[in-house]
Amino acid sequence: MLTGRLLLGSGNGSVIIVRNRVTAFWFKGKELALAFSLTVSFARLGSALNFFFTQQFESHYGIQWTLWGGTILCVLGLLAANVVSVLDVVGMKQLGLDGAIKEESKKVRVQDVQHLPLHYWLLVFTVMFFYNGVFPFVANASKFIQDKYDGFDQKTAAYIVGAVYDCALVLSAPVGILIDYIGMRGVLAFFSALLTLPVFALLAFTDVPPLVSTLWLGVTYSFAAASTWPSIPLVVPQATLGTAMGLIGSVQMIGVGLCNLIVGTILGTKSGEAKIPLWRWQQMMIFMLANIIACVATSVALNIVDKKQGGTLNRTHKRSPEAQRSQILKEDDQKQAQIPLLPLMDKPQMAEPQSLTLSPCLLLTNSAPGTQHVIHQPDDPILSCNPTSFSRSST
Ligand SMILES: C[C@H](NC(=O)[C@@H](N)CCCCN)C(=O)O
């Protein structure tokens, strides 16, 4: 069992890192928050389907067929991953970026982790503390509801807990669209954490129906996920994005793992049957609260640092089609006037010969026959590469 779960965790963890890297690469400067939020929605759809159907499937067909069902789903995931991989490679080649990305990635060393910006580390801790309050709670909440409130059987309690993920399933995409338009990632991360505080206080110390708290948590969780994860590509260089995504996932899950151990110690029972006294549940909720308070603190620090460094997180990075079109027209005019590419840069310091910053989303091919347009996106740390491979080139 442990071996199986370790294998599942390592496979699943790697898939998440690659998926995040691919999403960040192809959607940066476009609907990045929506793209990330849709991955959260589909993950939560998986949780909801699992929640509603797996037990019934098992009681009809037995554990062996249920496990084979899981295996078939993994094979489907493998096929989908292959399709994504082909699309990624073909797309990179079409943009002429494949060689440059490989070159840049080769230069990334483990020591580079220490050069990841303060922004990034504050995001890591904001994410870790937030999820420390959510995942261990969701894992134990069904038992809590049965122990604390009268009249809830196991199934009803499980449905009430499931409301956290059902809410995220529905809200993630609209929240992603909103964030793509308004930016405000740092501010929303802060408010998501702040507004999560009452959830645990209500559960621990009042008789307000638990569904209110789980729906509320579903809303703040949707905003927290949609504002934090898509912020990472905005603060780290493209070549270290895979490392940055992997690291944040590891720190997050180490935090959640440790919290699960602490919660286990607080609740003090291994038996699923015995009723756990309310004071123990209250201690657990206070522990969840402490994590969310830490999350509020790190998100405040995140916003302060972000403001000092130009406000990248709270700005919108999505370009309207008009903005993209006017940039193309501007470049066309300059091309006709035989003005070289580099003076197009908005920021003079970005125009150093060794460091040209590009997003694939702003590299438009075929807008004029045989011509590849390279459009600079200001403040975009996505890719540092040799300008000769990217300047306007005839194809
Ligand atoms: C987007 C976020 N993803 C994660 O937290 C993953 N690192 C781990 C998911 C594990 C779920 N059992 C999320 O799902 O909110």
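For this structure, a couple of remarks:
Quick grid of which residues meet (1) part of a helix (DSSP H, G or I); (2) crowded, with 24+ Cβ neighbours inside 10 Å; (3) touching a Leu at 6+ places or on another chain (Cβ under 7 Å); (4) assigned by TED's automatic domain parsing to the domain that holds LEU278:
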site	(1), (2), (3), (4)
VAL187	yes, no, no, yes
LEU194	yes, no, no, yes
PRO198	yes, no, no, yes
LEU202	yes, no, no, yes
VAL208	no, no, yes, yes
LEU215	yes, no, no, yes
SER222	yes, yes, yes, yes
TRP229	yes, yes, no, yes
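- Set ILE276, ILE266, ILE286: member being farther than 24 Å from ALA173 by Cα, in the same structural domain as ARG19 (by TED's automatic domain parsing), touching a residue at least 60 places away in the same chain (Cβ under 8 Å) and not in a loop (DSSP other than H, G, I, E, B): ILE286
- Unmet requirement for GLN146, which otherwise passes all of (1) closer than 25 Å to ALA294 by Cα; (2) more than 26 Å from the chain's Cα centre (by Cα): (1)
- Exactly one residue among VAL256, VAL235 is surrounded by fewer than 21 Cβ atoms within 10 Å (Cβ to Cβ) and either of a type in the set (Phe, Trp, Tyr) or under 26 Å from PHE191 (Cβ atoms) (or both), and that residue is VAL256.
- Listed by position, the helices (runs of 4 or more DSSP H) contained in the range 1-99 that have at least 2 residues being within 16 Å of the ligand (Cβ to nearest atom) and under 20 Å from TYR131 (Cβ atoms) are 2-27, 32-49.
- Close contacts from the range 141-160, counting a first residue that is modelled with pLDDT of 90 or more and a second that is of a type in the set (Phe, Trp, Tyr) and part of a helix (DSSP H, G or I), with Cβ to Cβ under 6 Å and a gap of 6+ residues or different chains, come to PHE144/TRP281.
Here is a yes/no grid of residues against (1) more than 30 Å from GLN154 (Cα to Cα); (2) surrounded by 12 or more Cβ atoms within 10 Å (Cβ to Cβ):
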| residue | (1), (2) |
| --- | --- |
| ALA24 | yes, yes |
| LYS30 | yes, yes |
| PHE36 | yes, yes |
| PHE51 | no, yes |
| SER59 | no, no |
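- Among the conditions (1) out of contact with any Gly (no Cβ under 6 Å at 6 or more places or on another chain); (2) surrounded by 18 or more Cβ atoms within 10 Å (Cβ to Cβ), ALA168 misses just one, which is (1).
The values are calculated or read from the model by the stated rules, or taken from the named source; none is laboratory data. Please read all numbers here as calculations on a predicted model, not as lab measurements. Virtual Cβ from ideal backbone geometry, glycine too; neighbours counted across all protein chains shown.
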